Amino acid sequence: MSNTTLTLAESLDMNAAAPLLQALKDKRGKPLSVDASQVRRLGGQCLQVLLSAQATWATDGQPFEIAEASPEFTDGIALMGASQLAAQSTVQDLTQ
């Protein structure tokens, strides 16, 4: 089964958290590839949504990956202590 792709917005601030959550809910149950190549700003609320999605996909037994990440996205998750979000992982890696 091929991955569904979700392209993240350029600014993932507080106002983007609810739309991001809804977009992820709409894609639940399918392998997901997240394109973060356009992200220039990452806020804590959107990071929490993405971390929750990663855990949800693992619980559902579905692949979840950040396929593309801008330098700003990568720096943002590192500054907030969530570098594991961008690590290439499989479902098995997340559930061990």
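Read the figures in this text as sums done on the coordinates, not as results from a lab. Predicted model only: the values in this text are computed from it and were never measured. We place every Cβ from the backbone using ideal geometry, glycine too, and count neighbours over all the protein chains shown.
What to note about this one:
- Matching option when the condition is in contact with an Asp or Glu (Cβ under 7 Å, 6 or more places away or on another chain) and under 15 Å from Ala9 (Cβ atoms), among Ser33, Ser37: Ser37
- Boolean, Ser52 is in a strand (DSSP E or B) and hydroxyl-bearing (Ser, Thr, Tyr): no
- Among the residues of the range 55-71, those that are in a helix (DSSP H, G or I), surrounded by fewer than 16 Cβ atoms within 10 Å (Cβ to Cβ) and either touching a residue at least 40 places away in the same chain (Cβ under 8 Å) or not β-branched (Val, Ile, Thr) (or both) comprise Ala55, Asp60, Pro71.
- Matching option when the condition is exposed (fewer than 14 other Cβ atoms within 10 Å of the Cβ) and among the small types (Gly, Ala, Ser), among Ser33, Ser52: Ser52
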